[in-house]
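Right, one structure below, let's go through it.
The values are calculated or read from the model by the stated rules, or taken from the named source; none is laboratory data. Since the model is a prediction, treat every value here as computed from it, not as a measurement. Cβ: placed from backbone, ideal geometry, glycine included. Neighbour counts: every protein chain shown. Note: accessible area is taken over every heavy atom of the protein model, side chains too, but ligands, DNA and RNA are not part of it. Shrake-Rupley method; radii C 1.70, N 1.55, O 1.52, S 1.80 Å.
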Amino acid sequence: MVGRTGFILPGLNLGRRVVAGNVSRGVVVYSSMRSAGGRSVWRPSEAGSRSLSRTTMTATSVPVKEEKSLPPVKYLKDYAPPAYLVESVDLTFELDDPETVVKSKLVLALNPKGTAGDRSIVLDGDKGLELVEDSLTVDGKVVPSSQFELTDSGLTVFESALPESSESLTIECSVKSNPAANKALEGLYKSGGNFCTQCEAEGFRRITFYPDRPDVMSVFTTTIVADKEKYPVLLSNGNKVEEGDAEDGKHYAKYVDPHRKPSYLFALVAGDLVCSEDTFETMSGRTVDLKIFVREGDVQKTKHAMESLKRSMRWDEETYGREYDLDIFNVVAVDDFNMGAMENKSLNIFNSRFVLVSPDTATDADYNNVEGIIAHEYFHNWTGNRVTCRDWFQLSLKEGLTVFRDQTFSADMSSKGVKRISDVVRLRGAQFPEDAGPMAHPIRPESFIEINNFYTQTVYQKGAEVIRMLHTILGPKGFRKGTDLYFERHDGQAVTCEDWVQALQDANPEIDLTQFRRWYSQIGTPVVSCSTEYDESESTLTLNLEQSNPQPDSEETGEPLLIPIRMGLLDSTGLSIPVDIGDGLVENDKVLSLTKAKETFTLKNVPKGSVASLFRDFSAPIRLEYSDGQSTEELAFLLANETNDFSRWEAGQKLAANTVLGFLARDDDEYPEISDKVVEAYRAVLRDEKTDKALVAALLAIPSNRFIADLMKENDPIPIFKARSHLKKTLAKVLKTEFEDVLKATEDLGEYSIDLKAQGKRALHNSALDYLGSLREPEVMKQCLETVREGRNMTEVLAALNVLAATDSEERDLALATFYDKWKENNLVILKWLGIQATAPREDALQIVKSLMEHESFDMTVPNKVYAVLGGLSANDFGYHIGGQESYDFMADQIMRLDELNPQVASRMAKSLSLWRQYKPEIQEMICSALKRIADKENLSSDVYEVVSRSLSA
Ligand code: TRP
Ligand code: ZN
């Protein structure tokens, strides 16, 4: 799985290969991707050039050539400053259904830093924008049609229409659109009867003509006019400066946002909403009004979001010295949303599933997601809004940093170890495969076709790991000095990742970050291999470390990176001992810097039998290998004694994984016996009363499919799933009494509380239930059904439903029916009902998904439902892959249907197919054949085109 499998697709490596695509304009375009050394490579420059020769095979196999265009590739190296800056922008929205009119007035000035040349004004605008006749004026004068041009990508006003020379000029126009018909959920659209917007990354150009790029920052004034009865609440960024009634039963509100911002942070909401209210007193004593807007009836579900918001505001003051900068902060929940949430200045818009929680409708995981995402969007106010990105190649500047900030916030609010474990599980589960697949890109990409495709695991999660390493290298104080300088130096600017690193560097001149910068440009997951040698006469322990940087799609390895290794030493009795590499004793955690391809560290005064624990807290996003392996004894020792929660968990995972690998070496029917040492290690975990229960639950988790596949360097999901299930069942059988004791000891009879102790108790309870449920004993089945019926809280109910969903039992059918009946009016709960069925590991998963898509509760235009059902299926390690070609073809068909409605969502689904390279050859072939079906379709969006064509050319 690392890099390459050496497998080349049959029929695809014959020198010429047909890769399809299209452009939005209705013509299929084929381009042949040339093969390099028997292996085709993605060449954005070829695909990107405006006209490419079309090569299709006719029945007689004669290539036919035609000139057609492909969506252009954009390059970081081509960055040029904007020709014009926008001094101010004034917008008036006359909202209506089916026709909305947006009037705009931009005051433009030539950018002194712009490259001189033609003075014509080029504004971005989607091809769907309808310019109202004669509405385009420059300095009040109508621009005749001979002096401007409308193109697929915008509007150009020729120099001839501009005044001779003027410091600044005013350009006005009106555009019409139908927000209710907008199913792509980008720009201005309707959700649940309300108007809302989503502008990041390039959605503003679907609202009006504008230099829609983040390095153009302006002061926005927004007037909203709408029917007073249908849309009583009118919101936009900044402060409300005016409101009142208008003609024909309409009303209006006017907002001014005093902070200059890029267009992607613009937002507007108009609808029938109610709100919960609170206030926050900032560190300098200002009072901020906080409001969360939701549908009538949902107000009581906003409490946790509100508390999370206040905790985030306090934490950012205490941890980074960042204070909120307006007197008002609004959050709006909407049901139709492509992503999780959006950090629009003072008007965050959220997918409702990340705002609305109550004990009976949401799980503990939902509560934690709400807290994390509320924090994430709030933190963007400084990392993203006050200091923004120069261009979209710099996306990780705001996203990696903000993810790091929300991760540490959540860790501070809960258990650091458990939070770190879940962050790493996600990184390994989703980012590592991306970084080894056809879509691999550096955290700062160098090219893209569609920026929406680059809101990736790599930019977000690996980006956060890169920031975390900087924090580890500089230490908390050095890091804070760096962020202080960054905010001071760049407040109000649109900057680059370089600027960020430079600020940290300048604040910490004693540490050289030169080599570290490679993390921004190099792809792939580094591999660190380690061997140890103990010298008894000298009492030294030598660590021989090697790093390699495999590059997907290339035989060459990347350059060595600066890899911080947080480590500790335990003596043979399990006590922590100081680390001494000759630069002074370090009591507990020592950070080593691995900078070379090969490097040796010698630890002094190490008693015999000591164990070194490397990469505590997963201090770098790498794969660690031990050349001589790690013995069962050593892993069991670490599981019992390691003081670092993450490393303790990691040891347990490896211990279990080795057992699973042992099963996989044999046949289904003759799995070997499980070793007593492993059973005893698990018994000890189950009886551990000292450890926080949430951590115990994490320690009990069977290693994921990804964890095993990574060790095998190839993913063969069905046997891996079976072997993992066998481990679970075996442990449940041999440790039945222990699991039952845990189940009883964690029974929650009191009031629901989200405090950590209560959450830990539920997590452990559910883990024990999951083990015992795997034995399918009648009492446990009955008990699960009871739980679903009684329904004291959703965390408990869902765990029980999850056990049943995998079984073929009367209880399963009853539980699913009861649940649906009870919750059919609640969309968010129904997502769980859909998701649990789509992810259940069953042979008939594909059939189930097909019928779910016919079910009254399903709706292809609602992203949350698509993610629950199709996303659920693609995450179903067993049920998806057992369907073989039929499954992959089905997914391809759905992606094609979706692409007509919502390209962003379609593309996210297509990304799951793009990860084909991790699988064994037979599966690779099947997935690629499904991808080719998509490639053959006419009129693919540029989003899906980019993912599919890269997937097939890699
Ligand atoms: N910036 C948003 C976030 O933090 C991401 C986002 C929300 C987004 N909606 C989007 C990105 C639509 C692309 C398209 O996390
Ligand atoms: Zn973000």
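Can you find, within the range 418-444, the residue that is farthest from Leu756 (Cα to Cα) among those that are in a helix (DSSP H, G or I) and touching a Leu at 6+ places or on another chain (Cβ under 6 Å)? Checked the range 418-444; the qualifying residue farthest from Leu756 (Cα to Cα) is Pro433. Of all the residues in the range 389-399, those that are touching a residue at least 40 places away in the same chain (Cβ under 8 Å) and either within 11 Å of ligand 1 (Cβ to nearest atom) or basic (Lys, Arg) (or both) number 5. Answer yes or no: is there a residue in the range 207-219 that is assigned to a strand (DSSP E or B) and closer than 18 Å to Asn330 by Cβ. No, the range 207-219 contains no residue that is assigned to a strand (DSSP E or B) and closer than 18 Å to Asn330 by Cβ. The strands (runs of 3 or more DSSP E) located wholly in the range 255-327 that include 2 or more residues which are within 17 Å of Asn237 (Cβ to Cβ) and of a type outside the set (A, V, I, L, M) occupy 287-294.
Remark: pairs (first residue in the range 199-222, over 16 Å from Arg386 (Cα atoms) and open to solvent by less than 10 Å² (accessible area, probe 1.4 Å); second residue part of a loop (DSSP other than H, G, I, E, B) and among the small types (Gly, Ala, Ser); Cβ separation under 6 Å; 6+ apart in sequence or on different chains) = Phe209/Gly125.
Looking only at residues in the range 399-419 that are surrounded by fewer than 24 Cβ atoms within 10 Å (Cβ to Cβ) and of a type in the set (Lys, Arg), the one that is nearest to ligand 2 (Cβ to nearest atom) is Lys419.
None of Gln502, Gln522, Gln493 is within 26 Å of the chain's Cα centre (by Cα) and open to solvent by 50 Å² or more (accessible area, probe 1.4 Å) except Gln493. Being at negative phi, assigned to a loop (DSSP other than H, G, I, E, B), in contact (Cβ under 8 Å) with a residue 60 or more places away in the chain and outside the structural domain of Val679 (by TED's automatic domain parsing) is a description that does not apply to Lys596.
Count of the range 99-137 residues, restricted to those that are open to solvent by 60 Å² or more (accessible area, probe 1.4 Å) and among the aliphatic types (A, V, I, L, M), is 3. Is it the case that some residue within the range 362-369 is part of a helix (DSSP H, G or I) and polar (S, T, N, Q)? Yes; the residues of the range 362-369 include at least one that is part of a helix (DSSP H, G or I) and polar (S, T, N, Q). Condition first: more than 10 Å from ligand 2 (Cβ to nearest atom) and in contact with a helix residue (DSSP H, G or I) (Cβ under 6 Å, 6 or more places away or on another chain). Now tell me which residues in the range 370-384 satisfy that. Across the range 370-384, the qualifying residues are Val370, Glu371, Gly372, Ile374, Ala375, Tyr378. One residue alone among Val803, Val849 is surrounded by 19 or more Cβ atoms within 10 Å (Cβ to Cβ), in a helix (DSSP H, G or I) and in contact with a Gly (Cβ under 7 Å, 6 or more places away or on another chain), and that residue is Val803. Only one of the listed residues (Glu946, Glu922) is within 28 Å of Asp716 (Cα to Cα) and without any contact (Cβ under 8 Å) to a residue 12 or more places away in the chain. That residue is Glu922. Whether any residue in the range 456-466 is away from ligand 2 (no atom under 16 Å from the Cβ) and charged (D, E, K, R) is what I want to check. No, because not a single residue in the range 456-466 is away from ligand 2 (no atom under 16 Å from the Cβ) and charged (D, E, K, R). When residues in the range 333-344 are screened for being assigned to a loop (DSSP other than H, G, I, E, B), within 16 Å of ligand 2 (Cβ to nearest atom) and out of contact with any His (no Cβ under 6 Å at 6 or more places or on another chain), 5 of them pass.
Taking the listed residues Glu317, Glu307, Glu281, the one that is without any contact (Cβ under 8 Å) to a residue 12 or more places away in the chain, open to solvent by 10 Å² or more (accessible area, probe 1.4 Å) and farther than 25 Å from Asn864 by Cβ is Glu281, with no other qualifying.
The residue that is nearest to ligand 2 (Cβ to nearest atom), among those in the range 345-356 that are under 26 Å from Glu751 (Cα atoms) and open to solvent by less than 10 Å² (accessible area, probe 1.4 Å), is Val355.
Okay, residues lined up against (1) assigned by TED's automatic domain parsing to the domain that holds Pro442; (2) within 24 Å of Thr472 (Cβ to Cβ); (3) in contact (Cβ under 8 Å) with a residue 24 or more places away in the chain:
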residue: Tyr534; (1), (2), (3): no, no, yes
residue: Thr542; (1), (2), (3): no, yes, yes
residue: Val579; (1), (2), (3): no, yes, yes
residue: Gly582; (1), (2), (3): no, yes, no
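Applying the set (1) away from ligand 1 (no atom under 13 Å from the Cβ); (2) in contact (Cβ under 8 Å) with a residue 24 or more places away in the chain to Asn452 leaves exactly one unmet item: (1). On the stretch given as the range 854-904, residues that are surrounded by fewer than 20 Cβ atoms within 10 Å (Cβ to Cβ) and aromatic (Phe, Trp, Tyr) total 2. Of the residues making up the range 173-200, those that are more than 22 Å from Leu108 (Cβ to Cβ), within 29 Å of the chain's Cα centre (by Cα) and part of a loop (DSSP other than H, G, I, E, B) are Asn182, Lys183, Ala184, Leu185, Glu186, Gly192, Gly193, Glu200.
Let's see how each residue does on (1) open to solvent by 20 Å² or more (accessible area, probe 1.4 Å); (2) away from ligand 1 (no atom under 15 Å from the Cβ):
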residue	(1), (2)
Glu343	no, no
Ala362	no, yes
Asn369	yes, no
Gly372	no, no
Glu377	no, no
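For the range 239-254, the set of residues classified as open to solvent by 10 Å² or more (accessible area, probe 1.4 Å) and assigned to a strand (DSSP E or B) consists of Asn239, Lys240, Val241, Glu242, Glu243, Gly244, Asp245, Lys250, His251, Tyr252, Lys254, listed by residue number. If you go through the range 599-640 and keep only what is among the basic types (Lys, Arg) and either open to solvent by 50 Å² or more (accessible area, probe 1.4 Å) or assigned to a strand (DSSP E or B) (or both), you end up with Lys604, Lys608, Arg623.
Yes/no per residue for (1) basic (Lys, Arg); (2) farther than 29 Å from Ser874 by Cβ; (3) over 33 Å from the mean Cα position of the chain (by Cα):
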residue: Leu727; (1), (2), (3): no, no, no
residue: Ala732; (1), (2), (3): no, no, yes
residue: Val742; (1), (2), (3): no, yes, yes
residue: Lys757; (1), (2), (3): yes, yes, no
residue: Lys761; (1), (2), (3): yes, yes, no
residue: Val780; (1), (2), (3): no, yes, yes
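Would you be able to say whether some residue in the range 84-98 is more than 28 Å from Met339 (Cβ to Cβ), part of a loop (DSSP other than H, G, I, E, B) and open to solvent by 70 Å² or more (accessible area, probe 1.4 Å)? No, the range 84-98 has no match at all.
Quick check on the range 324-334. Is at least one of its residues within 15 Å of ligand 1 (Cβ to nearest atom) and open to solvent by 20 Å² or more (accessible area, probe 1.4 Å)? No, the range 324-334 contains no residue that is within 15 Å of ligand 1 (Cβ to nearest atom) and open to solvent by 20 Å² or more (accessible area, probe 1.4 Å).
Taking the range 116-163 as the region of interest, the strands (runs of 3 or more DSSP E) fully inside it that hold 3 or more residues being touching a residue at least 24 places away in the same chain (Cβ under 8 Å) are 121-124, 154-157.
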